[in-house]
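Trainee: Here it is: the structure, laid out below.
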Amino acid sequence: MVKKKYTEEERVARARAMRREGYNCAQCVILAFDDLLPSESVDTAVLAAQGFGSGYGGRGYVCGAVSGANMVLGLTGSRPRPELYRLTGGIIDDFIAMEGAVDCSDLKKPGRKPCIDLISDAVVILHRRIEDMV
């Protein structure tokens with residue numbers, strides 16, 4: 001059975017719903033792309049992403065939404081390392097261009113977007129980068 005591919009809007013809505021259910025940023029992004037992942041990989045990826053919330057275990061490093069987006073890239077197909085690094089670097093660059101930072105410690109400063117909006121932005125960035133690749 002072929003899974004229906006989500007639209008960008010469906011992905012954002014799914015990620016936001018997962019956040020309301022208590023999933024961390026990385027897990028929300030992964031679950032927004034579960035239609036593109038091998039069925040047997042989704043649960044494992046969500047478990048593997050448990051420690052990426054709040055910038056790697058709450059340490060304030062790279063945003064979990066960005067980590068989740070890069071995990072999705074790795075799970076959607078085998079790519080030569082230079083291509084994968086170009087793609088992951090592109091996601092990081094796009095996120096920084098949009099948000100001004102990639103580390104949670106910077107993104108969570110007063111006056112910044114709430115995490116649910118950062119998750120949505122990461123989903124949009126990833127969707128636009130890979131929609132024609134998979």
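Trainee: Out of segment 35-75, which residues are at positive phi, surrounded by fewer than 18 Cβ atoms within 10 Å (Cβ to Cβ) and in contact with a helix residue (DSSP H, G or I) (Cβ under 8 Å, 6 or more places away or on another chain)? Even if it seems obvious, please write down each step before you answer.
Mentor: Here is the first cut: in segment 35-75, the ones at positive phi are 54-58, 60.
Of the ones still in play, those that are also surrounded by fewer than 18 Cβ atoms within 10 Å (Cβ to Cβ) are 56-58, 60.
Tyr56, Gly57, Gly60 - these are the residues of segment 35-75 that are at positive phi, surrounded by fewer than 18 Cβ atoms within 10 Å (Cβ to Cβ) and in contact with a helix residue (DSSP H, G or I) (Cβ under 8 Å, 6 or more places away or on another chain).
Trainee: Within segment 9-34, track down each residue that is in a loop (DSSP other than H, G, I, E, B) and surrounded by fewer than 16 Cβ atoms within 10 Å (Cβ to Cβ). Don't jump to the end; show me each part of the working.
Mentor: Within segment 9-34, the subset in a loop (DSSP other than H, G, I, E, B) is 21-24, 33-34.
Listed by number, the residues that qualify are Glu21, Gly22.
A quick yes/no check of all residues on (1) under 18 Å from Glu131 (Cα atoms); (2) at pLDDT below 95; (3) in contact with a Ser or Thr (Cβ under 7 Å, 6 or more places away or on another chain):
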residue: Met1; (1), (2), (3): no, yes, no
residue: Asn24; (1), (2), (3): no, no, no
residue: Ser41; (1), (2), (3): no, yes, no
residue: Gly53; (1), (2), (3): no, yes, no
residue: Gly64; (1), (2), (3): no, no, yes
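Trainee: Something else now. Filter segment 59-90 for residues that are in a helix (DSSP H, G or I) and over 17 Å from Gln27 (Cβ atoms) and give the result. Outline the logic, then answer.
Mentor: Start the filter on segment 59-90 by keeping residues that are in a helix (DSSP H, G or I), which leaves 64-75, 81-90.
Answer for segment 59-90, where residues must be in a helix (DSSP H, G or I) and over 17 Å from Gln27 (Cβ atoms): Arg81, Pro82, Glu83, Leu84, Tyr85, Arg86, Leu87, Thr88, Gly89, Gly90.
Trainee: Then there is this: Only one of these conditions is not met by Ile96: (1) in a helix (DSSP H, G or I); (2) touching a residue at least 24 places away in the same chain (Cβ under 8 Å). Which number is it?
Mentor: Of (1) in a helix (DSSP H, G or I); (2) touching a residue at least 24 places away in the same chain (Cβ under 8 Å), only one is false for Ile96: (2).
Trainee: I'd like to verify a number: residues in segment 87-134 that are of a type in the set (D, E, K, R), over 23 Å from Asp35 (Cα atoms) and loosely packed, with under 13 Cβ neighbours inside 10 Å, how many?
Mentor: Here the count works out to 2.
The values are calculated or read from the model by the stated rules, or taken from the named source; none is laboratory data. Source: prediction; values computed, not measured. Backbone-built Cβ (ideal geometry, glycine too); neighbour counts: all protein chains shown.
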